[in-house]
Amino acid sequence: MPPKKICFSCPTTLLRRPIADLAKKLRRDHICILLPRDYIKGLNTIHLNKVKSVKVNSYPTINPPKLSIEWPIPIRPFFLLRYYRLLKNYDIIHMWVPFYISNTSLIILKRLFFPFKKIYLTMDTFPGLSFKMGKTLNFFFQFYYNSIGKLIFPSINKLILYNQTSKSYALKIGVPEKKIEVLPTGVDIQVKIATKNIREEFNINADEKIILFVGILNPRKGIDTIIEIAKQFKNKKVKFIIVGGGSKIKHYKKNTYQNKIDCVIFTGFRRDVYNFYTTADIFLFPSKGEGLPGVLMECMVYGVPIVASNVTGNLDLIENEVNGFLCEEEDINDYADKINRLLTNEILREKFIRNSKKVVKEKYNWANNIKSYLKIYE
């Protein structure tokens with residue numbers, strides 16, 4: 001029996017790490033990735049280097065101005081014909097997040113023309129339920145679940161979740177339990193050797209501690225919280241390095257400048273994130289909502305002690321005071337206290353590092369977790 005032909009549908013111009021990892025691990029010529037292309041900025045290439053041998057279908061889009069979230073809108077009507085052909089030529093469409101025009105269109109076309117084709121949907125979070133996004137966006141997502149969602153969710157063959165804690169939200173929006181599959185992603189457990197001296201590049205003294213964040217710079221990731229925490233370390237030998245970009249980076253830089261917080265460094269997007277992991281003393285992750293954050297798994301591989309928010313997704317990776325610290329959302333004093341405890345307690349640091357490496361090796365090693373995906377594909 002020939003192998004199944006699989007198309008991964010990524011709704012955002014930023015190719016998602018789990019999609020790139022899955023395509024890379026499967027290493028098959030019958031796999032493709034459907035990816036929007038920003039008409040102005042060009043195709044985002046942060047993770048594309050992982051999938052050089054995989055066919056990428058891209059289509060031009062625009063993103064509405066002044067939105068704090070990415071919302072690619074196809075600018076040519078022929079994108080529907082492309083979706084039709086993908087459904088016709090591929091056995092399985094595995095899509096991430098249903099809220100975008102691309103993925104909603106794929107499911108509608110399936111219902112109309114290809115009822116027997118398999119569509120798998122991965123939801124890493126449930127906006128408006130697993131975390132709040134403000135009054136307007138909360139209303140939008142609640143409306144989606146109760147209207148379009150009634151069309152979308154019955155049409156999928158599998159709803160794939162990264163963690164058990166998300167299952168209750170899936171049931172709440174009406175997904176039948178028999179369609180729900182919990183499949184965590186993974187991480188490669190090999191450590192890359194540093195190729196740059198980060199302290200030298202950013203003029204950080206040897207006696208200064210480094211608090212690291214890596215990710216998209218948007219409100220959900222808690223960047224404002226990081227800046228508030230940094231205020232409490234203004235006169236201490238501590239630097240906060242924020243690695244990543246996003247539409248609000250100018251806003252965050254202006255915030256630190258106006259408040260005279262000179263201990264925060266913004267690097268923008270970097271492809272050599274491993275150089276920062278090998279240098280950091282603590283990883284700070286005050287996110288307001290997560291699926292199964294890859295950056296935390298990477299930190300666990302590289303032995304960076306973690307201080308994170310007590311939210312869905314983080315809870316699956318971190319056990320408080322066993323392999324990291326979990327803090328209440330936006331509790332600035334709690335974060336500052338946990339950071340100080342780690343900076344001054346080497347025994348605790350080593351305990352967190354040791355336990356984290358054990359967890360990531362046993363539960364989140366891609367070498368093992370890829371087998372679960374192969375099983376449902378075949």
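Read the figures in this text as sums done on the coordinates, not as results from a lab. All figures in this text were calculated on a predicted structure; none of them were measured in a lab. Neighbour counts are summed over all protein chains in view; Cβ atoms, including those assigned to glycine, are modelled from backbone coordinates with ideal geometry.
Points to keep in mind about this one:
- Stretched out straight at 0.36 nm per residue, the stretch from R76 to H251 would grow longer than its current Cα-Cα span by 59.8 nm.
- Partner lysines for K248 [C-alpha distance under 25 Å; skip if fewer than 8 residues away on the same chain]: K41, K66, K132, K135, K221, K231, K234, K239, K260, K288
- Whole-number percent relative contact order across region 198-363, with pairs defined as alpha carbons under 8 Å at least 6 apart: 22 percent
- Amide proton proximity set for I210, modelled H, under 5 Å, gap of 5+: K239, D281, I282
- Compared with the alpha-carbon gap, the fully stretched path from I193 to I101 is longer by 29.0 nm at 0.36 nm per residue.
- Couplings 3J(HN,Hα) of region 104-119, computed from phi: 4, 5, 4, 5, 5, 5, 4, 4, 7, 10, 9, x, 9, 6, 8, 10 Hz, in residue order, whole Hz [Karplus 6.51 cos²θ - 1.76 cosθ + 1.60, θ = phi - 60°; x for Gly and Pro].
- Calculated FRET efficiency, D331 to K88, Cβ-Cβ distance, R0 = 45 Å: about 0.30 to the nearest 0.05.
- Taking amide H as placed 1.01 Å from N in the peptide plane, the amide H of L14 sits under 5 Å from none that are at least 5 places away or on another chain.
- Taking each residue as 0.36 nm, the span from V182 to E321 lengthens on full extension beyond its C-alpha to C-alpha distance by 47.5 nm.
- Antiparallel DSSP beta bridges within the chain, as percent of all bridges there, nearest 5: 10 percent
- Cα gyration tensor, region 182-321 - rounded (a/c under 1.5), prolate or oblate: oblate
- In region 10-129, Cα pairs under 8 Å separated by at least six residues give a relative contact order of 22 percent.
- Estimated vicinal HN-Hα couplings, Hz - region 242-257 in sequence order (Karplus 6.51, -1.76, 1.60; Gly, Pro = x): 10, 9, x, x, x, 5, 9, 4, 5, 4, 5, 5, 5, 4, 5, 5
- Working from the Cα coordinates of the chain, the gyration tensor eigenvalues give, after taking √(5λ), semi-axes of 36, 22, 21 Å in decreasing order.
- Prolate/oblate/rounded label for region 241-322 (Cα gyration tensor, a/c 1.5): prolate
- Cβ-Cβ FRET estimate between N355 and F113, R0 fixed at 45 Å, reported to 0.05: 0.35
- Under 5 Å, built H, 5+ apart or other chain: amide partners of E329: N310
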